[in-house]
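Only the coordinates and a few stated rules stand behind these numbers; no lab work does. Values in this document were obtained by computation on a predicted structure and should not be read as measured data. Glycine also receives a Cβ, built like all others from the backbone with ideal geometry; neighbour counts cover every protein chain displayed.
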Amino acid sequence: MLNISNTVLYSTALKSMLISIQLHTVTKMLQLGHFIPFPKPRGLGVELTLRAIPVKKMLEGKNCLLGKPCISKVREEIYDGLVGYIEIDGYLDPDFKESNINNLVLFTIYPILRFFKHHTARNLRLRRDKEIVSVDSAIGGYEEFLVMDRISVGEKNPVLIVEATRKQCFLSMRDMQENKGGGTIYGFITTGDSWRMVTYDGTFKIIEKMELLFDTMDGGLYSVLVDCLNGALSNGGI
C-alpha cells in the first residue's frame, strides 16, 4: 500500500533540493560575473481602456496620397463588395464564424489596397497570419492581416495591422515600433462590422468606434473609414 505521508514528504524534500540547486547555480554565476538572461515581461504597460479621440484630430496633419476621386470610387467598391458578400454568404447566421468575419475585413480593405498599388508609388502587399517578433526575439503573435510596403528584394516595412482584439493589436503595434526603432505605427481593431483606428508613437491613441453594418451602410461612415485607411496607408511604414 502507498504511504501517502512518505510520498508528500519526499515530494517536498525534492522541491526544496531543486530550489537550493537553482539558487546555488545563480549565486555562482553572479560571483563569476556571468549575465543571467531573465525573460522580459510581455505586459503592455498601458491601460487598454483609452479615451477615444475624434477622427478629425487623429488625421490632423497627416499626408493622404489618394485624392477625392479615388476615395469616392473606393467607397463605392467597398459598399458593393460587402453587400454582394452578405447577400451570398449571409450575416448573423448561426454558422457565421471567424472565417466569415475575416472575409468581411478582406472585402473592406482590398479595394483601397488595389487603388494604392495603381495610383501611388507604394508597393503594398497584404499578408495574413503573419508572425510578429519583438526585439527580444519573443513571439508577439500571428496577425490576422498585415500590410507591408515592399521597398526592395528582401526589404519590407510594416505599414498597418488589422486585428480583432485590442490587446493583441496593441502588443503587436508596440513590437513593430520597437523593431523599427521609432516612428508611428498604425492599426485597426475590427470585428468585421465595427472598426477603430489606432496609432502608436510611444503613446496609444484610438478613435471612436465606427459601426458599418447595416443601417449606416449608405451613410458617411464608409467615407470616414476610407479616410482613416487612406491616412494609415499613406503614412505607415515611413
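Brief remarks on what is shown
- Label zone at residue 209 (point 7 Å along Cα-to-Cβ), backbone N below 18 Å, region 51-91: 51-55
- Centroid-to-centroid separation of region 162-180 and region 57-81 [C-alpha atoms, Å]: 24 Å
- Greater than 22 Å apart at Cα, pairs in 167/205; 57/205; 156/180; 57/117; 62/209; 180/209: 57/117; 180/209
- For peptides 50-60, 199-209, sequence by mean Cβ density within 10 Å, most packed first: 199-209, 50-60
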